[in-house]
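Worksheet: the structure to be examined is printed underneath.
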Amino acid sequence: MTTPIPSLHIVHRPEASRFEAVLPGGVALCAYRRQGSELLMTHTEVPPALEGRGIAAALVQAALDWARGEGLQVRPLCSYVGAYMRRHPETQDLLAPR
């Protein structure tokens, strides 16, 4: 069984177009591109040794919270982000129309 990360510190790095958490095993990140009024969420990555602890979910939620605050619509180009949004119906209103 994997141990959850008790105090995950997520930082928004707009200059790098990503949200990240620096952890004792590497950097976990959720990358995006801002395109007009849309946030294209392109990639989510967690070091393999840290997978399964909710880190990716926390990063995606931080990015979605930011998108909501900025009035952006989200286009999930990353399969993890798409799956996360399907599992969390409260995020559906952020989806950009096709």
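Given labels modelled 7 Å from the Cα in the Cβ direction, how far is it in nm from R98 to A16?
3.4
Would you mind putting 28-35, 78-85, 15-22 in packing order, based on average other-beta-carbon counts within 10 Å, highest first?
28-35, 78-85, 15-22
Calculate for the chain the 222 nm mean residue ellipticity that helices alone would give, adding -39,500 (n - 2.57) per DSSP H run of length 4 or more and normalising by residue count, nearest 500 deg cm²/dmol.
One gets -8000 deg cm²/dmol as the mean residue ellipticity at 222 nm.
List the residues, sorted by chain then number, that are 5 or more residues from L23 or on another chain and whose placed amide H is less than 5 Å from its amide H.
Amide H neighbours of L23: A28.
Can you tell me the length gained on complete extension of the stretch Q73 to Q35, counting 0.36 nm per residue apart and subtracting the Cα distance?
Value of the extension gain: 12.7 nm.
Over all directions, how big on average is the projection of the convex hull of the alpha-carbon atoms in segment 11-94, in square nanometres?
Over every viewing direction, the Cα hull of segment 11-94 projects on average to 5.2 nm².
None of the figures in this text is laboratory data; all of them are computed from the coordinates on show. Since the structure is predicted, the reported quantities are computational estimates derived from the model, not experimental observations. Here Cβ is always computed from backbone atoms with ideal geometry, including for glycine, and neighbour counts include all displayed protein chains.
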